[in-house]
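The values are calculated or read from the model by the stated rules, or taken from the named source; none is laboratory data. All values derive from a computational prediction rather than experimental measurement. Don't worry about glycine lacking a Cβ; one is built from the backbone with ideal geometry, like all the others, and counts go over all protein chains shown.
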Amino acid sequence: MSDPIIDRLRVLEPLTRPLEPRAEERAALSRAAVAHTESFLSWLETAPAFCADEGSAAAIADAPIGRDPIGMERALSLLSHHVDGNGQNTTASGFFAFIPVGSLYHGALGEFVAAVTNRFSGNFLACPGAVRIENQVLRWLASVVGYPETSVGNLTSGGSMANLTAIVVAREAAGLKARDFERAVVYLTEQAHHCVIKGLRVAGLGECVQRRIPIDERFRMIPAALEVAMAEDERAGRIPWLVVATAGTTDAGAVDPLEAIAEISARHSAWFHCDAAYGGPFALCAEGRRILCGIERSDSVALDPHKGLFVPFGVGAVLVKNAAAMRAAYSFTANYIPRAGQLLEEPSPMELSPELSRPFRALRLWLPLQVLGVAPFEAALEEKLLLARYAHARLCTLDGVEVGPEPDLSVVVFRALPRRGDPDAYNARLERSIQEDGRISLSSTMLSGLRYLRLAILSPRTHKDAIDHAIDIIREKIQALAS
Ligand SMILES: *Cc1c(COP(=O)(O)O)cnc(C)c1O
């Protein structure tokens, strides 16, 4: 007698075969993928930093996801024509907009290896090696910013999640309950990254008081104003709960005076969080350490290895000094997870984060650090600091350009001054003409109510020649606008 289940299984099994490619098939697939990335990388050497989108909507719509496969060749061809060569080319040497990123090849390979082996890195018992490697990476990051060995942390998907993760730890450490939210005060400047505000809202703290502490002419928090605000809140019966300093603002790369802020936060028993998503990795070089001095006195710090350590998108990091506070915020027990909530030899990521299943992110960072050693990273970060100073000095020599303050880190801000007319509109036109040209990509922002262009330097591919090239293009575009 035939069993309908067995009969159906006999039909299904061969149909699932494509999900398990054999060695020859894998070799062909990876050859195609590597050929694709190699052709991208050789194009990248001379590629523009911005390309207009040509027909990607139609082409992508033309290949709907359906039962019939389109195959690797057509899929990769869609990517080459309608993804890789369109929009912002964030890894080009001439990309100076927002915060440039790298995508270090070794990091991409780390991601590939991690994905193929797919170890469960959330739990020490599931894969002790993966968790040890993650914790080793976190301890190394801690040493970079001068945190003690006893601090803990988590690799997140990026800086926004790192900041959110820290905000929740700070909320729990202060024992804030719903009834306190309207009395709890957060101190930050208008230059703080918007993800901090979003993080507060997501953490349920949308109604807490946000004090925008004034900034000086270099866009840094004024510590005396922080002291006044905190003392006043204390007198008024509010809770000076959280101070968020930025170590490298996105707009201008400014570093808040961290020493002084640490001092004041401690005096008022507030949690001191440092958003060093962009700036933190500069602590790898001596000059960066000098600029970031005081970061080691924060209670928590957010970093973005996918910015300053050049690895592909998807790696942020949060570090917290008070291990018990972080564990208390995220630990849990679950019947189906062995020994959840128990102290094991190494902390598990799942106990220090809202995530359970997660990619083995550490490999994107661990592999390049191990294969290359730290020295090239130190050199690259010092190089970016110096390139920014060089760019600043060169921009100072251009006619009709007003240059912002000497950069703290690697963002230079400047504005072109028209002979007549509205300077903001003029700079918007300049930005557009640079964008349309595409050879380099800049972005703009409002500082002290005025439109500035930003030259943000962070790609590992950006060296002195790329800066010279950018300055030439800026000069050329200004001359074209002026005439
Ligand atoms: C980039 C950035 C963030 C956000 O990080 P994501 O990785 O984009 O989520 C937060 N703060 C600062 C200062 C940043 O530069």
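Residue-by-condition table, conditions (1) out of contact with any Pro (no Cβ under 6 Å at 6 or more places or on another chain); (2) over 24 Å from residue 256 (Cα atoms); (3) hydrophobic (A, V, I, L, M, F, W, C); (4) free of Cβ contacts under 8 Å to residues at least 24 places away in the same chain:
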position	(1), (2), (3), (4)
135	yes, yes, no, no
141	yes, no, yes, no
149	yes, yes, no, yes
166	yes, no, yes, no
174	yes, no, yes, no
190	yes, no, no, no
195	yes, no, yes, no
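May I ask you to verify whether residue 382 is away from the ligand (no atom under 16 Å from the Cβ) and under 27 Å from residue 221 (Cβ atoms)? Lay out the reasoning, then the answer.
Working: away from the ligand (no atom under 16 Å from the Cβ): yes; under 27 Å from residue 221 (Cβ atoms): yes.
Spelling it out, residue 382 is indeed away from the ligand (no atom under 16 Å from the Cβ) and under 27 Å from residue 221 (Cβ atoms).
Would you be able to tell me the number of residues in segment 438-466 that are of a type in the set (A, V, I, L, M), farther than 20 Å from residue 51 by Cα and in a helix (DSSP H, G or I)?
The total comes to 0.
Each row is one residue, and each column tells you yes or no for (1) within 16 Å of the ligand (Cβ to nearest atom); (2) out of contact with any strand residue (DSSP E or B) (no Cβ under 8 Å at 6 or more places or on another chain).
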| site | (1), (2) |
| --- | --- |
| 96 | yes, no |
| 110 | no, yes |
| 117 | no, yes |
| 130 | no, yes |
| 142 | no, no |
| 156 | yes, no |
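Please tell me if residue 415 is in contact (Cβ under 8 Å) with a residue 60 or more places away in the chain, touching a helix residue (DSSP H, G or I) at 6+ places or on another chain (Cβ under 9 Å) and buried (at least 21 other Cβ atoms within 10 Å of the Cβ). Show your work before the answer.
Values: in contact (Cβ under 8 Å) with a residue 60 or more places away in the chain: no; touching a helix residue (DSSP H, G or I) at 6+ places or on another chain (Cβ under 9 Å): yes; buried (at least 21 other Cβ atoms within 10 Å of the Cβ): yes.
Against the criterion (in contact (Cβ under 8 Å) with a residue 60 or more places away in the chain, touching a helix residue (DSSP H, G or I) at 6+ places or on another chain (Cβ under 9 Å) and buried (at least 21 other Cβ atoms within 10 Å of the Cβ)), residue 415 does not qualify.
Quick one: in segment 280-294, which of the residues that are in contact with a strand residue (DSSP E or B) (Cβ under 6 Å, 6 or more places away or on another chain) and assigned to a helix (DSSP H, G or I) is nearest to the ligand (Cβ to nearest atom)? Give the derivation first.
Filtering segment 280-294 for residues in contact with a strand residue (DSSP E or B) (Cβ under 6 Å, 6 or more places away or on another chain) gives 280, 291-292.
Narrowing the set further to residues that are assigned to a helix (DSSP H, G or I) leaves 280, 291.
Numbers: 280: 9, 291: 15 Å.
It comes out as 280.
Tally time: how many residues in segment 299-316 are more than 10 Å from the ligand (Cβ to nearest atom) and in contact with a strand residue (DSSP E or B) (Cβ under 9 Å, 6 or more places away or on another chain)?
Residues of segment 299-316 that are more than 10 Å from the ligand (Cβ to nearest atom), as a first pass: 299-301, 309-312.
Among the residues that remain, those that are also in contact with a strand residue (DSSP E or B) (Cβ under 9 Å, 6 or more places away or on another chain) are: 299-301, 309.
Count: 4.
On the basis of being over 29 Å from residue 308 (Cα atoms) and surrounded by fewer than 16 Cβ atoms within 10 Å (Cβ to Cβ), does residue 59 make the cut?
Values: over 29 Å from residue 308 (Cα atoms): yes; surrounded by fewer than 16 Cβ atoms within 10 Å (Cβ to Cβ): yes.
Considered against the rule, which asks whether it is over 29 Å from residue 308 (Cα atoms) and surrounded by fewer than 16 Cβ atoms within 10 Å (Cβ to Cβ), residue 59 comes out as yes.
Is there any pair linking a residue in segment 9-34 that is more than 20 Å from residue 75 (Cβ to Cβ) to one that is outside any helix (DSSP H, G or I), with Cβ under 6 Å and at least six apart or on different chains, and which?
none
For residues that are in a loop (DSSP other than H, G, I, E, B) and crowded, with 24+ Cβ neighbours inside 10 Å, scanning just segment 295-321, find the one that is nearest to the chain's Cα centre (by Cα).
Start the filter on segment 295-321 by keeping residues that are in a loop (DSSP other than H, G, I, E, B), which leaves 298-299, 304, 309-315, 321.
Applying the additional criterion that residues be crowded, with 24+ Cβ neighbours inside 10 Å yields 298-299, 304, 309-311, 315.
On the way: 298: 19, 299: 20, 304: 4, 309: 10, 310: 10, 311: 10, 315: 7 Å.
Applying the filter and picking the extreme gives 304.
Looking at (1) part of a strand (DSSP E or B); (2) outside the structural domain of residue 459 (by TED's automatic domain parsing), which is the one condition that is false for residue 356?
Every condition holds for residue 356 apart from (1).
Just one of (1) surrounded by fewer than 19 Cβ atoms within 10 Å (Cβ to Cβ); (2) within 15 Å of the ligand (Cβ to nearest atom); (3) closer than 20 Å to residue 167 by Cα trips up residue 324, so point out which.
Residue 324 satisfies every listed condition except (2).
Tell me the residue from 270, 247 that is more than 23 Å from the chain's Cα centre (by Cα) and among the small types (Gly, Ala, Ser), please.
After applying the criteria, what remains is 270.
Restricting segment 23-51 to residues that are loosely packed, with under 11 Cβ neighbours inside 10 Å and at pLDDT below 95, which is nearest to residue 431 (Cα to Cα)?
That would be 46.
Would you point out which residue out of 377, 310 is over 30 Å from residue 263 (Cα atoms) and either touching a Gly at 6+ places or on another chain (Cβ under 7 Å) or among the small types (Gly, Ala, Ser) (or both)? Show your work before the answer.
Working: 377 fails: either touching a Gly at 6+ places or on another chain (Cβ under 7 Å) or among the small types (Gly, Ala, Ser) (or both).
Being over 30 Å from residue 263 (Cα atoms) and either touching a Gly at 6+ places or on another chain (Cβ under 7 Å) or among the small types (Gly, Ala, Ser) (or both) holds for just one of 377, 310, which is 310.
Kindly check whether there is at least one residue in segment 172-184 that is under 23 Å from residue 294 (Cβ atoms) and buried (at least 22 other Cβ atoms within 10 Å of the Cβ). Even if it seems obvious, please write down each step before you answer.
In the first step, residues of segment 172-184 are kept if they are under 23 Å from residue 294 (Cβ atoms); the result is 173-174.
Now drop any that are not buried (at least 22 other Cβ atoms within 10 Å of the Cβ), which leaves none.
No, every residue in segment 172-184 fails to be under 23 Å from residue 294 (Cβ atoms) and buried (at least 22 other Cβ atoms within 10 Å of the Cβ).
Determine whether residue 64 is within 33 Å of the chain's Cα centre (by Cα), without any contact (Cβ under 8 Å) to a residue 12 or more places away in the chain, farther than 30 Å from residue 251 by Cα and not in a helix (DSSP H, G or I).
Yes: the conditions hold for residue 64.
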